[in-house]
Amino acid sequence: MSSTIVVVSGLPRSGTSMMMKMLEAGGIPPLADGVREADDDNPKGYYEFERVKKLPDDTDWLPEAEGKAVKIITQLLMKLPAGHEYRVVFMRRKIDEILASQKKMLIRRGTYKEGGPSDDRMRDIMLKHVDQVFMWMDAQPNLEYLAVNYNEMLADPAPTVPRIDEFLGGGLDTDAMLTVVDPSLYRQRK
């Protein structure tokens, strides 16, 4: 497993930062640079690595990710090159909660623009995109994935954490992973 790259992915606001923190607590070091600091939207940090945003043009960092966990948004996930083994923990969350959380974050940052696509249109776009991502992942011989439901994780992480441990080869500190789940940060409930 030391040469495998653990990828945490999902739509924005789907719990990817929480999962990165859980994996770190479990014993998988994160590949993150701290450029994007914790804020009101992610008070425990984002766990991002800026070079990921340059996929597919910059892949020289991928050997550095072996044996670590790196967060990659869905749009860039499909830019990962062959030649590496990937285990993807894919976060799923109720789409209406994602939309509400994104809108609140954009309003807080002052970047929300009125007159954009409706929630119904954005819901359709996002769901179609997720379907495309899963079809792509299914076609990759060097990639395995585990879908993790954010909503179920917050309600009761105990059944899901052992599945994550097994998927990633075992040996994670599952008790430490359980302590990371913080239902008080579950703010956009639908």
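What follows draws every value from the coordinates through simple rules; no lab data is involved. Predicted, not measured: the structure shown is a model, and the values here were computed from it. Note that we place each Cβ from the backbone using ideal geometry, even for glycine, and neighbour counts take in every protein chain shown.
The packing ranking of peptides 170-181, 136-147, highest mean first, is 170-181, 136-147, where packing means the average number of other beta carbon atoms within 10 angstrom of each residue. Between Phe134 and Met122, the modelled label-to-label distance comes to 2.2 nm, taking each label 7 Å out from Cα in the direction of the beta carbon. Ordering 117-128, 5-16, 57-68 by mean Cβ neighbour count within 10 Å, with the highest value first, yields 5-16, 57-68, 117-128. For the listed residue pairs Lys53/Lys79; Lys54/Lys128; Lys53/Lys94; Lys54/Lys94; Lys68/Lys94; Lys21/Lys68, the alpha carbons are over 22 angstrom apart in Lys54/Lys128; Lys53/Lys94; Lys54/Lys94; Lys68/Lys94.
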